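Undergrad: Attaching a single structure in structure tokens format; questions to follow.
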Amino acid sequence: MPVDQFGRRDYRPTQTLVNETTAVISLSQMNDIFFRRDGTNTAVGTINMTGNTFTNVSSPENDHDAANKVYVVNNAGISKTGGEMLGNIDMNNFRLTGLPPGLPDMGSDAVS
């Protein structure tokens, strides 16, 4: 009974088998087809995670590295506990709500 290069039975090869245990495919061809978990080859297309997540992602070092949530929260430049705005924010016709009572109404384009 033929088997594929991983030892699975009932393999219906698209290439000729050399014998019952070895398919006609080289290691370099396999490296071109399969994405290796050890990082020795690279993805050349989109990877659909089908709702799964990457875990244990390190902090980014290069411009296009993935970032973990802790890094983004700590480095996004916006603090939930206070900070200083250094420019205008376009609210796109939305309003700030939940402000303490008693603040003066400065209009829609308030300038202090």
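The values are calculated or read from the model by the stated rules, or taken from the named source; none is laboratory data. Computed from a prediction, not measured in an experiment: that's the story for all the values here. Note: ideal-geometry Cβ built from the backbone for every residue, glycine included; neighbour counts use all protein chains shown.
Undergrad: Can you list residue pairs whose Cβ atoms sit under 6 Å apart, with the first residue in segment 43-68 being loosely packed, with under 10 Cβ neighbours inside 10 Å and the second being at pLDDT below 90? Count only pairs 6 or more apart in sequence or on different chains.
TA: Once the first residue is loosely packed, with under 10 Cβ neighbours inside 10 Å and sits in segment 43-68, its partners that are at pLDDT below 90 give Ala43/Phe35.
Undergrad: Every residue in segment 67-101 that is closer than 29 Å to Thr53 by Cα, modelled with pLDDT of 80 or more and part of a loop (DSSP other than H, G, I, E, B), please.
TA: Within segment 67-101, Ala67, Asn68 meet the criteria.
Undergrad: With respect to Tyr11, determine if the residue is modelled with pLDDT under 80 and aromatic (Phe, Trp, Tyr).
TA: Judged against the criteria, Tyr11 is a match.
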